[in-house]
Amino acid sequence: MAISNTSASKVDVVQPAKTRQTTTTILKRRQLSPPRVMTGNERRWINPNKGVLKVLERNMDIVASRFLYPHFSAMWNPYSWLLEKRFALAETSLSPQGWPAKLDPLKVLLVSDIHCGTFLKPEALARIINALMQLEPDLVAIGGDIVTGHSREVNGFLDALAPLSGTSLGAWYCHGNHDYFGGDPEDIRRDLKSIGITTLKNDSVRLIHGNGDFVLGGIDDRILGTPNWERMLAQHGTPHLLLAHNPDFFYRAESSGVPLTLSGHTHGGQIRFPHSAPILRQSRFCLDEGNYAYRSSLLVVSRGLGSVGLPWRWGADPEAVLIEILPPGSTKAE
Ligand SMILES: [Fe+2]
C-alpha cells in the first residue's frame with residue numbers, strides 16, 4: 001500500500017471458494033439503479049438528526065442492545081441466521097466528475113453499519129467477510145457504526161474483521177453515531193488499528209493507485225461526533241472519495257467539491273413494507289439507500305450489514321456494496 005499522510009434487479013448467486021471457516025457463504029448479487037438526481041430541496045418533515053425523537057431512539061437502542069437483549073438473546077436472537085440467509089452484494093459502476101482522469105479503475109468495497117454486539121455472531125460475520133474478500137477489492141471502506149451500544153463490543157470480532165485490511169490500498173474507517181453510545185471511541189480506533197484498519201477522523205490520506213493517486217477523506221459523525229471539515233480539507237485538499245457515516249453530509253460534501261461520498265447509517269429503513277418507503281427514516285434529505293446525484297457530486301448509501309433495536313430486518317436485507325469507479329467519460333459507468 002502506498003500512502004502519503006502528513007497527519008429490484010435480477011439476482012444471481014455466486015458460490016465463492018471455501019474459506020478457512022470451512023463453510024461457504026452464498027453471495028446474492030444485485031445491481032443498484034443509476035443515481036437518482038436530487039434537486040437539493042427534498043426534506044422530511046421531522047428532522048431525524050436531532051430533537052426529542054432522536055434522544056428517545058438512542059436511549060431505546062442502548063437499553064435494547066446493552067441491557068435487554070444480552071439476557072433475552074438465548075431465547076430469540078435470529079439476526080446471524082437472517083444475515084447469512086439474506087445477505088446480498090449490491091454492485092454499481094460510477095464515473096464521478098472531478099475524479100482523477102488518469103487513475104486506473106478502482107474497486108471499492110463499502111461495508112457499513114456492521115454493529116458488532118449482541119445481535120451478531122463473530123462466526124457469521126467471518127463467513128460473510130471471507131466471501132466478500134474473494135471479490136478482491138482494491139480498497140475497503142467501512143462506513144461507521146461498527147458497534148451497537150459500547151466501544152468494547154468490537155473486541156470479540158477482530159479476528160472476523162481482520163481480512164478486510166488485506167487489500168492493496170488497505171481498509172479505512174469513519175466513525176458513526178453508535179460509536180459514541182458508550183465507552184471511548186479511541187478504543188475502537190486502537191482495536192481496528194491492531195488489525196490494519198485505519199480510522200479517518202477528520203483526516204485524509206493520499207493513496208497511490210496504478211499510475212495515479214487520489215485523496216481519501218473521513219469525516220466524524222454528524223450527530224454525536226465533532227466533524228471538522230476545515231481540518232479534513234486542509235490536509236490534502238478536497239478528497240476525491242469521502243467516508244461520511246451520515247448521508248445528510250452529502251450537500252456539505254458537494255459544496256466542498258467532493259466527487260463521491262460513501263455513507264451508511266440509514267439501514268435502508270431496516271424494517272419496511274415491500275417496495276415502499278422506510279418506516280423509520282434516518283435521512284432528513286430522503287437519502288435512504290442506493291445511488292444519488294446532486295450537481296457534480298455522487299453519493300452511495302449502503303443499507304449496511306448489521307441491525308439495531310431489533311435482531312431483524314424486513315424489506316431492507318443486509319448488504320455490502322462493490323463500487324467500480326472509472327475515470328470521467330468512461331462508457332461502462334452509469
Ligand atoms: Fe447503524
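Between I208 and E230, full extension at 0.36 nm per residue minus the direct alpha carbon distance yields a gain of 5.6 nm.
Subtracting the Cα-Cα distance of S276 and Q31 from 0.36 nm times their residue separation leaves 86.3 nm of extension gain. When the accessible area of the stretch 145-239 is computed with all protein chains present and a 1.4 Å probe, what percentage of it is carbon and sulfur? Carbon with sulfur: 44 percent of the solvent-accessible area. Every helix of 4 or more DSSP H residues in the chain counts as -39500 (n - 2.57), and over all residues that averages to -5000 deg cm²/dmol at 222 nm. Ordered from largest to smallest accessible area (heavy atoms of protein chains, 1.4 Å probe), the residues V300, V52 come out as V52, V300. Convex hull volume of the Cα atoms of the stretch 86-144, normalised per residue: 101 Å³.
On a per residue basis, the stretch 50-128 carries 46 Å² of accessible surface, using protein heavy atoms and a 1.4 Å probe.
Using the empirical formula 2.2 N^0.38 Å as the baseline, the Cα radius of gyration of the stretch 280-334 reaches a ratio of 1.41. Looking at the chain, the DSSP beta bridges with both ends there are about 40 percent antiparallel.
Put simply, the C-alpha atoms of the chain give a gyration tensor, and the ellipsoid matching it has half-axes of 27, 23, 21 Å, longest first. Scoring 27-39, 94-106 by mean Cβ neighbours within 10 Å over their residues and listing the highest first yields 94-106, 27-39.
Put S276, S307 in order of accessible area, highest first, and with a 1.4 Å probe you get S276, S307. In terms of distances greater than 29 angstrom between alpha carbons, the cross-link table entries K85/K107; K107/K201; K54/K201; K121/K193; K50/K107; K50/K201 yield K50/K107.
Per residue, the accessible area of the stretch 164-219 comes to 30 Å² when a 1.4 Å probe rolls over the protein heavy atoms. Gap in Å between the Cα centre of the stretch 220-271 and the Cα centre of the stretch 273-297? Cα centres, the stretch 273-297 to the stretch 220-271: 15 Å.
Here the dipole of the stretch 189-334 is about 240 debye; that uses its Cα centre as origin and unit charges on the Cβ of Lys and Arg (positive) and Asp and Glu (negative).
The values are calculated or read from the model by the stated rules, or taken from the named source; none is laboratory data. Since we're looking at a predicted model, the values are computed, not measured. Cβ coordinates were reconstructed from backbone atoms using ideal geometry, including for glycine residues, and neighbour counts include every protein chain displayed. With ligands, DNA and RNA removed, areas are computed over all heavy atoms of the protein, side chains included. Shrake-Rupley method; radii C 1.70, N 1.55, O 1.52, S 1.80 Å.
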